[in-house]
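Worksheet for the structure shown next.
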């Protein structure tokens, strides 16, 4: 009987590893589809409204199918909507602005400094003690950014780096404030409320700026559908499903496949420059993340 249990555990673990890796690949395509959206002349508010509309439909349908749909009320509902409308919306908006200044691969690499910001916020806001692994991780991440931006002008710009670091900081703030909620709420249920709240922010921004538009071509609709489903909803579902089977630490380490996926796809599809400095800098940032996840 214990043999069967071990096999079942191994199968479950393997499935979890595969799901989190699929999630990393999915999230890794976001910048690629973002470049296609730029080339189709789709405005950032338009892209993000439809991204969150399509993702919301898929995530809510999945939760309903699994019988896990929970209606939040009161303070929990307000906090979830606030996290989406301000935290996740800011991160997403700055990410896509960053794509206007830098290659998709470079944006993905710089965004991946967010775990370092999470640690800095934990130290400054919660009073978490600074450990040696934290300092080592911080040095690796900062060294990686310096190398990527200083030695690779073809793929990076100072403005772009600052914008994407802003996105990483916004994401870290979102994660930090989500933690208290996640003690009592299923992560996917929280995401189900964050997504439409973020989409609503871009409806307001797009309407106020006059940049919100209805796509006119099949290719534009296809790009938006891919961003909403393949680069957002499926990775979210795959990540949280896999997370339950392998734990947060291992899931975080496997997720570091995300920037290399973006860099590789950018090089193949758009001939984005991949220099030795990009590779080494990206590796340093990812080592920093892995050190943090293993601490």
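Values in this text are rule-based calculations from the coordinates and carry no lab data. None of the values given here were measured: they were computed from a predicted structure. Neighbour counts are summed over all protein chains in view; Cβ atoms, including those assigned to glycine, are modelled from backbone coordinates with ideal geometry.
Can you classify the range 144-295 as rounded, prolate or oblate using the Cα gyration tensor, where a ≥ b ≥ c are the square roots of its eigenvalues, rounded means a/c under 1.5, and otherwise it's prolate if a/b beats b/c and oblate if not? In terms of gyration-tensor shape, oblate. Peptides 38-44, 210-216 ranked from most to least packed give 38-44, 210-216, packing being the mean of other C-beta atoms within 10 angstrom over each peptide's residues. Could you tell me whether the range 82-132 comes out rounded, prolate or oblate from its Cα gyration tensor? Rule is a ≥ b ≥ c as square roots of the eigenvalues, rounded for a/c under 1.5, then prolate if a/b exceeds b/c, otherwise oblate. Note, shape of the range 82-132 comes out oblate. If you wrap the tightest convex hull around every Cα atom of the chain and split its volume per residue, you get 153 Å³.
Calculated [222 nm] ellipticity per residue, helices only, for the chain: -25000 deg cm²/dmol; basis is -39500 (n - 2.57) per DSSP H run with n ≥ 4, divided by all residues, nearest 500.
Sorting 106-118, 272-284 by average packing, meaning the other beta carbons within 10 Å per residue, from highest down gives 106-118, 272-284.
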